[in-house]
Amino acid sequence: MNAAHSVGAWAAILTKALCRESGRFRYAKVGTVSTLERDPTEGMVRVLDEDGGVVGDVPDLDDDELVEMYRQMRLARHFDERAVSLNRQGRMGTYPPMSGQEGAQVGSAMAMGDDDWMIPSYREHAAALVRGQGLTETLRYWMGDERGDSPEEGTNVFSVAVPIASQIPHATGMAWAEKLQSDSDHGAFVCYFGDGATSEGDFHEGLNFAGVFDTPNVFFCNNNQWAISVPRERQTASETLAQKHERTGSRGSRSTGWTHWRCTVSPARHSRSTRPRGRTVAPDDDRGGPVPVRCTHHCRRPVGVPHRRGGGTVARERPDPRLESYLRSQGVLDDARVEAIGASVEDAVADAIDEAEATADPDPQSMFEHVYAEQTPELRDQAEQFADLRERHGDDAFQIE
Ligand SMILES: Cc1ncc(C[n+]2csc(CCOP(=O)(O)OP(=O)(O)O)c2C)c(N)n1
Ligand SMILES: [Mg+2]
């Protein structure tokens, strides 16, 4: 078992432990470690060793929370594997896998309170799941049905953002709007993005604005070490990604209980031999953070459409075995319970796939309805042209073989 296990599982636990205080995010300024330049043991805070033995302070989370975290990570991983398989079988379109990042996603999402908002990129399936976004909806979305991107009322999950970093100014704007309505009682707006997003103008603008207006944001950088095929060390000359935050005047919360979590992560060190070496968060060392490592391709395109493989396809590490070992050693999990969790996870995903595939396709015309509240003249023209083409050639002419 290698260090990537600590990465996922303890990213989840420590992320949650660090971020939450009385059900709300609290200030925890964390940073990054450059992937190649730093000693991987520097500043390392470890809780468990490879075999699940305790080597640090175990965060104060009760057994039920830890088991739920374990279950959610297994569910997310199984969902991811099935989704990739559906894609390979031509049953689903593009799909961005998140295997290797489920620890950071599950931990951070479990740290959120009911009134917090999650503003995702395109890869936060596990975090959205924790927030209550249905697996069926996530599948529908990646099958090309926009209705899958309309989470139920109360889940507080914002739309998927495919344009890199575009969700960051949105998150800042949402938080600012909320703050203008109530300066005292509101949740945090937790915005997820990748390491590559920190090279975008939207990232700097969004964070600058958040600093100036002291908005209730948490910026959560899931540094999986790659922007498609470009490794972290070639994306920026900045020693750390966290440094990019510092000029925005990041600071802690005022009186409301929410805070800014300037979170940029990357304790996972990616060695040339593809053996990632992990480290986890230290609340007081001002460095570290959740530690995802992308364990598979950037995304899965429809069958027949090649995608440059790029890097990041490290061994398919799982975040849950170390946590499982620990929970077994505490008498919290045993074979029967682990098996039951595995079976329930498989059933849940199988049911979601059945349901998603049984859902009638949306009206193709509806794709013109989701961009603006009111259609622009250009979109109206396109919608009319499309309707005309459908009438003349039939919908079968638009099917992708
Ligand atoms: C504005 C914009 N530019 C380029 C792209 C093409 N693109 C899709 S994913 C990606 C890399 C993003 O990397 P990162 O932010 O690290 O997120 P990850 O995919 O690793 O989660 C790029 C450049 C895009 N979607 N949007
Ligand atoms: Mg990335």
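Laboratory data are not the source of any read-out in this text; all were calculated from the coordinates shown. Everything quoted here is computed from the prediction, not taken from an experiment. Using ideal geometry, Cβ is built from the backbone for each residue, glycine included, and neighbour counts are taken over all protein chains shown.
Quick look at the values:
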quantity: Simple spin-label estimate for residue 184 and residue 387 in nanometres, 7 Å along Cα-Cβ; calculated: 5.2
quantity: Inter-centroid distance (Cα atoms) of the range 347-386 relative to the range 77-144, Å; calculated: 19
quantity: Cα→Cβ-extended label distance, 7 Å offset, between residue 166 and residue 230, nm; calculated: 1.8
quantity: Gained length - residue 374 relative to residue 351, 0.36 nm times residue gap less alpha-carbon distance; calculated: 4.7 nm
quantity: Theoretical gain in end-to-end length, residue 363 to residue 330 [0.36 nm per residue, Cα-Cα removed]; calculated: 6.6 nm
quantity: Stretchable slack from residue 398 to residue 49, in nm (0.36 nm times residue separation minus alpha-carbon distance); calculated: 120.3 nm
